[in-house]
Amino acid sequence: MKNKTNVETCLLRIRGCVCLTAFLILAPTAIAATIDDSAAVPAGTSAPTDPDQLLAPGNWNLHGQFTVVSQFHPDFNSPYQGANSLDPGFAEKETTDLTAFAGIRLWSGAGAYANPEIDQGFGLSDTLGMAGFPSGAAYKVGARNPYFRLPRAFVRQVIGLDGQGSPALLDDGPNQLAGTVPADNLTITVGKFSVVDIFDTNRYANNPRADFLNWSIVNSGAYDYAADAWAFTYGAAVEWTQSWWTLRSGFFALSKVPNGKDIDGTFDQFELDEEVEERHELFGRPGKFKALAFVNRGRMGKYEDALALGRETDSVPSNALVRHYASRPGVAMNIEQELRADLGAFARLSVNEGAQEAFDFTEINKSLAAGLSLRGQRWNRPDDTVGLAAVVNGLSSAARDYFAAGGLGILIGDGRLPDYGYERIMETYYSRKIVERLTISADFQYVLNPAYNRDRGPVSIFALRLHADF
């Protein structure tokens, strides 16, 4: 009876969100149309062959989005739990975010962008209990009442290079002004944004507001990218694009302490990123392959040192007591491939150095993810999408020993780890277009060995997601 009441409460919340979203869509859209509709560019418009007819760039734009995710799981097996365990009882949590995307052209090829945002809600178990956390819409910081943030504020400059390719047409969109960009170019982005806005992107698994939800599916699980507790940081990225390839370099500030709310603005603790992207056609279908290398330089704890201190003091090991300036490198590979006009596949493989504690993302030292994304043309729903993916996450031997001794990490720590196993997650979702700019998605995740613990689970996690663009 209790579970039934909880489910009913969850559905009532979703119904309320539908009403609120309808208002949020209609009001801003009507206002925007009254102000100016001349900057709108039809999605998917092809660049004209005559350069004189290329679309004149807009000087500013304003977009928005609203997303609510309600996620819950029933009871699951749990003979014990620790401070960072996923709650074994029925649990339901909700996250809501409302974002504005404002852009203004500064001069030729340059734009400034800001994304003020209002957030509210919590992830399951306050975003704890799984290394591959099940909701990318949930931050590590939660709040019962709505609060304001500015996650992005940056400047982007595109510099054209001599080349033979035709200029590409950019549609008007969030953080993108309509216009043309030289096929061969140098793009520089400086300010506050998310590292994974630029690095480790993937056409089919990249946006928890629209496709998959699991952290280790929408990003490479072992890519410990620089971020505050909301996944944003300060830094700069340079992208050099030629006909079939792009080289990217990034320099970003780490948080002051691992998994902290505050960024080290002195850049004394930092991350370096290098990524190469190759674009190709396979049997006439477009695809991309990306190889990424990164290194974190900061004050971090070594698992072996924490264990040694714990033995000496007869206490639970803690990385916070043994932090020293060190490096933590890693690599990630990422592929996306169109198989048919309506079907695409993707895969990610990532590994990092496992002797040091995780810094800003999550406790994953090795990860392999793969999946499919299918649009609904075959059942006359071309704007619907169904996705299916699986991911396997693992720990280094040093990390296993640390958690077996009762240590706590960013997201995990059951107080013990007597029977280690790979964390294995399967996720599927169906996203259905309700009306223009409004979609609702049903998502299901099945988790074996949450937080690498064979004694706990399996866990079935259900979600409803409502998303609106305007």
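The values are calculated or read from the model by the stated rules, or taken from the named source; none is laboratory data. These numbers come from a predicted model, not from an experiment. Every residue, glycine as well, gets a Cβ built from its backbone with ideal geometry; the counts of neighbours run over all protein chains shown. The area values use the complete protein model at the heavy-atom level, side chains included, leaving out ligands, DNA and RNA. Shrake-Rupley method; radii C 1.70, N 1.55, O 1.52, S 1.80 Å.
Using only the Cα atoms of the range 150-283, build the gyration tensor, take square roots of its eigenvalues as a ≥ b ≥ c, and label the shape rounded, prolate or oblate: rounded if a/c is under 1.5, else prolate if a/b is larger than b/c, else oblate.
Cα axes put the range 150-283 in the prolate bin.
Please find the FRET efficiency linking Ala291 to Asp268, where r is the Cβ-Cβ separation and R0 is fixed at 25 Å, and quote it to the nearest 0.05.
About 0.30, to the nearest 0.05.
State the percentage of accessible surface on the range 166-314 attributable to carbon and sulfur atoms; use a 1.4 Å probe and exclude ligands, DNA and RNA.
It is 57 percent, rounded to a whole number.
Between Ser397 and Asn59, what FRET efficiency follows from the Cβ-Cβ distance if R0 is 51 Å, with the result rounded to 0.05?
The calculated FRET efficiency here is 0.35.
Testing the spin-label approximation: label points 7 Å from Cα along Cα→Cβ at Ile118 and Ala442. State their distance in nm.
About 3.1 nm separates the two model spin labels.
Name the shape class, rounded, prolate or oblate, that the alpha-carbon gyration tensor gives for the range 137-176, where a ≥ b ≥ c are the square roots of its eigenvalues, rounded holds for a/c under 1.5, and otherwise prolate holds if a/b is larger than b/c and oblate otherwise.
prolate
With every protein chain left in place, what is the accessible area per residue of the range 59-109 in square angstrom, probe 1.4 Å?
41 Å²
Any idea of the accessible area per residue across the range 178-229, 1.4 Å probe, to the nearest Å²?
21 Å²
Can you compute the FRET efficiency between Asp184 and Asp314 using 1/(1 + (r/R0)^6), with r the Cβ-Cβ distance and R0 = 51 Å? Round to the nearest 0.05.
E between Asp184 and Asp314, to the nearest 0.05, is 0.20.
As an exercise, identify the chymotrypsin sites (Phe, Trp or Tyr not before Pro) in the range 180-277 lying in DSSP coil whose Cβ has no more than 12 other Cβ atoms within 10 Å.
Trp244
Using mean projected area of the Cα convex hull in nm² as the read-out, say which of (1) 23.1; (2) 21.6; (3) 20.3 was calculated from these coordinates.
Of the labelled values, this structure produces (1).
Could you work out the helix-only [θ] at 222 nm for the chain, with each DSSP H run of four or more residues adding -39,500 (n - 2.57) and the total divided by the number of residues, to the nearest 500 deg cm²/dmol?
The helix contribution divided over the chain gives -4000 deg cm²/dmol.
What is the distance in Å between the Cα centres of the range 309-364 and the range 200-264?
Centre-to-centre (Cα) distance: 13 Å.
Once neighbouring chains are kept in place and the probe is 1.4 Å, which whole percent of the accessible area of the range 333-470 is contributed by carbon and sulfur?
59 percent
Quick check: net charge around Phe193, other residues with Cβ under 15 Å of its Cβ, Lys/Arg +1 and Asp/Glu -1?
-3
Would you mind classifying the range 301-435 by shape? Square roots of the alpha carbon gyration tensor eigenvalues, ordered a ≥ b ≥ c; an a/c under 1.5 is rounded, otherwise it is prolate if a/b is larger than b/c and oblate if not.
It comes out prolate by the Cα gyration axes.
So how do Tyr402, Tyr147, Tyr113 rank on accessible area, 1.4 Å probe, biggest first, that is with the largest at the start?
Tyr147, Tyr113, Tyr402
What accessible area per residue, rounded to a whole number of Å², is obtained for the range 365-470 using a probe radius of 1.4 Å?
With the other protein chains kept in place, the range 365-470 gives 40 Å² per residue.
For Glu281 and Ala110 in the same chain, what is the full-extension length gain: residue separation times 0.36 nm, less their Cα-Cα distance, in nm?
58.5 nm is the gain from fully extending Glu281 to Ala110.
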